[in-house]
C-alpha cells in the first residue's frame, strides 16, 4: 500500500501500524515485483528498513531484541543475559560486540579491538566451550570459530554461562557470540536480501539511518526526519 502523505520515517511507521500492519518489509525480488507504484508527490518513499547501529543511542539498554547471537542471528530463546552493572553502555553506538570479563559478566565493546575468544560446538542441544588464546577482532574470532568449531559462544542459561566462564583462564577477557544487529526491518525481522542503489548505504551526512526506495525500487539511506511518502504492508 503506497501512502501519498509526507511523513518522517517514525511517523510513517506509526501510521502503517495503525492503519495496516507495518512499514513494508521486502525480502526478495518477487516482493519488489509486486510493488505497482502509482504517481506520488515524491520520487522517494519510506520502506521499513532502519539501521539500529546508527540510531541505537538510548535503545541498547531497553531493546533486548536487538542483541543477537552469531550462531542463530536471533536473540536468546530463553531471555538469559549476564550484563555487568551499567551495561550495555555503547556511546556513541560503536560498541556493538560483547566480551565476557574476568568475573563472567558481559560488556559491550568495539568489534575491532583485539581480544581472545570462546568458541562452542553444539551437538544434541548441548554446547562445549573452547577458549582461544589468540587475540583477534570479533569478526575474525567469529570466522575462526565457524571454521574450526560451530560458532562463537552462544550462552542462554546460567549453566551455559558457568561452563563458558570455566572454559577461559581466570582474569581474562574473551569475545562471545553476542552482537548488536545493524540493519533491521520495522517489525524487528532481518533478511539477507538487499536492493541498494550503487554506492548505498553511505551515511553521507552522518545521520542517515532510515531507508527509502526510488522509482526503480532501489534503496537509499536517508535522514529519518525527512518527510516522504511511504509503503505499508498488511
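Points worth noting:
- Pair list, Cβ < 9 Å and 6+ apart or interchain, from the stretch 146-162 residues that are more than 13 Å from residue 100 (Cα to Cα) to residues that are assigned to a helix (DSSP H, G or I): 151/142; 151/145
- For residue 49, the criteria (1) part of a loop (DSSP other than H, G, I, E, B); (2) out of contact with any helix residue (DSSP H, G or I) (no Cβ under 8 Å at 6 or more places or on another chain); (3) at pLDDT below 75 hold in every case but one, which is (1).
- Residues within the stretch 1-20 that are in a loop (DSSP other than H, G, I, E, B) and either surrounded by 15 or more Cβ atoms within 10 Å (Cβ to Cβ) or under 21 Å from the mean Cα position of the chain (by Cα) (or both), tallied: 2
- Selection from the stretch 203-220 of residues that are farther than 24 Å from residue 38 by Cβ and under 18 Å from the mean Cα position of the chain (by Cα): 203, 207, 208, 209
- Identity of the residue in the stretch 142-176, assigned to a loop (DSSP other than H, G, I, E, B) and touching a helix residue (DSSP H, G or I) at 6+ places or on another chain (Cβ under 7 Å), that ends up nearest to residue 82 (Cα to Cα): 155
- Meets criteria (closer than 27 Å to residue 11 by Cα, part of a strand (DSSP E or B) and either at pLDDT 90 or above or within 16 Å of the chain's Cα centre (by Cα) (or both)) for residue 232: no
- Test: residue in the stretch 133-141 that is in contact with a helix residue (DSSP H, G or I) (Cβ under 9 Å, 6 or more places away or on another chain), at pLDDT below 85 and either under 30 Å from residue 225 (Cα atoms) or part of a strand (DSSP E or B) (or both): no
- Selected residue (criterion: surrounded by the fewest Cβ atoms within 10 Å (Cβ to Cβ)) from residues of the stretch 81-106 that are at pLDDT 80 or above and not in a loop (DSSP other than H, G, I, E, B): 83
- Failed condition for residue 68, given (1) over 18 Å from residue 165 (Cα atoms); (2) at pLDDT below 80; (3) part of a loop (DSSP other than H, G, I, E, B): (3)
- Looking across the stretch 188-202, the residues that are at pLDDT 70 or above and in contact with a strand residue (DSSP E or B) (Cβ under 6 Å, 6 or more places away or on another chain) come down to 195, 196, 197, 200, 201.
The values are calculated or read from the model by the stated rules, or taken from the named source; none is laboratory data. None of the values given here were measured: they were computed from a predicted structure. Cβ atoms come from the backbone with ideal geometry, glycine included; neighbour counts cover every protein chain shown.
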